[in-house]
1. Of the conditions (1) modelled with pLDDT of 70 or more; (2) buried (at least 17 other Cβ atoms within 10 Å of the Cβ), Ala154 clears all except one; give me its number.
2. Kindly establish whether Arg126 is at pLDDT 85 or above, basic (Lys, Arg) and part of a helix (DSSP H, G or I).
3. May I ask you to say which residue of Ser302, Ser318 is within 18 Å of the chain's Cα centre (by Cα) and either at pLDDT below 90 or open to solvent by 40 Å² or more (accessible area, probe 1.4 Å) (or both)?
4. Specify which of the listed residues (Leu381, Leu362, Leu371) is at positive phi and not hydroxyl-bearing (Ser, Thr, Tyr).
5. Is there any pair linking a residue in the stretch 371-384 that is among the charged types (D, E, K, R) to one that is assigned to a helix (DSSP H, G or I) and open to solvent by less than 40 Å² (accessible area, probe 1.4 Å), with Cβ under 8 Å and at least six apart or on different chains, and which?
6. Could you list, in sequence order, the residues of the stretch 333-358 that are open to solvent by 20 Å² or more (accessible area, probe 1.4 Å), among the polar types (S, T, N, Q) and either assigned to a loop (DSSP other than H, G, I, E, B) or closer than 18 Å to Ser218 by Cα (or both)?
7. Only residues that are farther than 17 Å from Phe307 by Cβ, of a type in the set (S, T, N, Q) and surrounded by fewer than 20 Cβ atoms within 10 Å (Cβ to Cβ): list them for the stretch 218-243, please.
8. Working only within the stretch 282-298, note down all residues that are buried (at least 18 other Cβ atoms within 10 Å of the Cβ) and touching a residue at least 60 places away in the same chain (Cβ under 8 Å).
Amino acid sequence: MLARPRPSMWSLLLCTRLIITDSQPARDELDALDTQSFPQGARRALSWRQRQPRSYIPTQAEVQEGNKQRDALRQEYKHLVNAENLPPRPGRAGRGKTRLGLCLTGQLERLEIESKARHLVRDLNRTHDIDVVLVVANGTARYVNGFSVANSSAVQATAERLRSRTRAALIRTFVQAGASRVVLNTEPQWELPYLRKQYVLNLNKPMSNVHLANRARSHVRQWRSLWNCYKEFSALAQKAGQRYDVLAKFRDDLLIFDKVEALHERSVYENAVVTQECLSWRGINDKLAVLDARHGLKFFTSPLWVFFFDRRPFLDMSGNPETFLFRALRAGGIHTRRPLSWDKVPAVSSRTGLDGSTCVPLINEKVGIELRCVPRKCNVLSFFRKHACPWRLGANLTVQRSEEMWRMFRKLKEEATRLNCTH
């Protein structure tokens, strides 16, 4: 009689974990954990919950749109490469102002402009010749993490808000701050962007298949906005007959709360791409970047180009846009430098209410666990306390989020007390 094979240790651990996580309390605990930032070991444990049966099958319309997008990208990329043959900038001794191209991407409804006009344009216009390119989409503000200041009347208020943000008003704001040229690109976003099947299936969010596909589409639209930014930079450089020295990219909802030292110090970005430390999610922070213009073509086009045309499997295993961006830049031959602290790039995600006010959501995804990303300085702590979003926002804020924000606010007060801050 043949001996019955003994189960391996791995199979025992697998069965045990499946049994443990099959109970309703365990599932609730894992769902709650997903809203937080947790270390790699905890993410591996969650992966058992996240590996639910998933599928993504593109419709015929999506296939057709994907083919059109692929053909358009090939033509546009060829044009961008040909446009790179500009005369080099003169040597440092013969230079005037540093040429800066500033890219702002996102949604018109989420766009915060006051702090950007002040710290990215007015603070730099004496030493920099600044071109501002805004690639923003019309429509009601949407946030992929589900946190919004807007209430149920947001849809009705959108039309009024958009009318107040006319093309002329946006351009005038940056021109008055000292920008030389301002371009506002509001071309419609792709309704059905091409999706890589494995990228969708490997996103590390416990969502339904429909929500996973929609989330992936928002990622592709972000990369398309980057691409469009560089198209505008290329056209402006061709018109001026001169290359840029430095390029910078900031997302629409970033609130700049101090001088951006990274743009004032050439040694920080020379022959490099630098981003903000914290909130990199095992990749690189995709909310902002400062880079030597020599890397502009690859930085602004690599995410979309790699997503469409590079079939290497490791790209599909990214799990989130931050990790994909890191791998796409590596695939494009760009190696980023050590990320900068928030002291060098003082920017934080914000939310805009229906009344136009701006606040900072004190949640893990925006300021780090226990405010890990926030510099321990009195002026910074005072800024965050003053601009913190209210933690009682009605139906659009869950109990867990409300409690999390209240704990963060108390942490701010404790840190201010510890540092003997008087304001």
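The values are calculated or read from the model by the stated rules, or taken from the named source; none is laboratory data. Just so it is clear, the model here is predicted, and its values are computed rather than measured. Positions of Cβ are generated from backbone atoms using ideal geometry, with glycine treated the same way; all protein chains shown enter the neighbour counts. For accessibility, only protein heavy atoms count, side chains too; no ligands or nucleic acids. Shrake-Rupley method; radii C 1.70, N 1.55, O 1.52, S 1.80 Å.
1. Checking Ala154 against (1) modelled with pLDDT of 70 or more; (2) buried (at least 17 other Cβ atoms within 10 Å of the Cβ), the one that fails is (1).
2. No.
3. After applying the criteria, what remains is Ser318.
4. Residue meeting the stated conditions: Leu371.
5. From the stretch 371-384, the pairs are Arg376/Glu415.
6. Thr336, Ser341, Ser357
7. The answer is Gln238, Gln242.
8. Asp286, Lys287, Ala293, Gly296, Leu297
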